[in-house]
Amino acid sequence: MISRDKVLDECIDKILKLASLTLYGMNAVGQVHVVINEVCRYLILKKAGDPECNLLAFKKRLMTLSRLTHPSLPDYRKTIDYAASLIVIEAP
């Protein structure tokens, strides 16, 4: 379970800031890729515990944030959804 992890909280914050910039017409796709790559490397190589469970928990956190986004902010929501879609967990 992911809780109170400074690195992950910072990555969520970066994604939300990028989502905010899309409200002003900025294309944040490249920057979102960079953040998700950073998160995946951290969860797979450095964070204790099962990497797949950690990735799944982070993805669910993003999906929850997306669901909580007000419907009047579709571009903001799309950015968060896109970030979550980049986290792919392959079934055995």
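Values in this text are rule-based calculations from the coordinates and carry no lab data. Since we're looking at a predicted model, the values are computed, not measured. Note: ideal-geometry Cβ built from the backbone for every residue, glycine included; neighbour counts use all protein chains shown.
Would you order THR22, THR79, THR69 from fewest to most other beta-carbon atoms within 10 Å of each residue's own beta-carbon? Please report the intermediate quantities before stating the final value.
On the way: THR22 21, THR79 28, THR69 18.
The fewest-first ordering by Cβ neighbours comes to THR69, THR22, THR79.
Which of the GluC sites (Glu not before Pro) found in the range 7-92 are loop residues per DSSP with 10 or fewer other Cβ atoms within 10 Å of their Cβ? Write out the running numbers ahead of the final one.
Numbers: sites: GLU10, GLU38, GLU52, GLU90; in loops: GLU90.
Taking the range 7-92 and a limit of 10 other Cβ atoms within 10 Å, the loop GluC sites (Glu not before Pro) found are GLU90.
In debye, nearest 20, what is the charge dipole magnitude of the chain about its Cα centre with +1 on Lys and Arg Cβ and -1 on Asp and Glu Cβ, if you could check?
For the chain, the charge dipole is close to 160 debye.
Just to confirm a number: summing +1 for Lys and Arg and -1 for Asp and Glu over residues other than LYS14 whose beta-carbon lies under 15 angstrom from that of LYS14, what do you get? All intermediate terms of the calculation are to be shown ahead of the outcome.
Values: positive: LYS6, LYS17, ARG41, ARG61; negative: ASP5, ASP9, GLU10, ASP13, GLU38.
Charge balance near LYS14 sits at -1.
What does the charge add up to near VAL29, with Lys and Arg as +1, Asp and Glu as -1, over the other residues with Cβ less than 13 Å from its Cβ? Mind dumping the intermediate values first?
On the way: positive: LYS78; negative: ASP75, ASP81.
The answer is -1.
Taking every pair of Cα atoms in the chain, average 1/r, invert it to obtain the Kirkwood radius, and report Rg/Rh to two decimals.
Numbers: Rg = 12.9 Å, Rh = 13.4 Å.
When Rh is taken as the Kirkwood radius, the ratio is 0.97.
What's the local net charge at SER66, with K and R +1, D and E -1, over the other residues with C-beta under 14 Å away? Don't skip to the answer; put the middle values down first.
Details: positive: LYS59, LYS60, ARG61, ARG67, ARG77, LYS78; negative: ASP75, ASP81.
Spelling it out: positives minus negatives among the neighbours equals +4.
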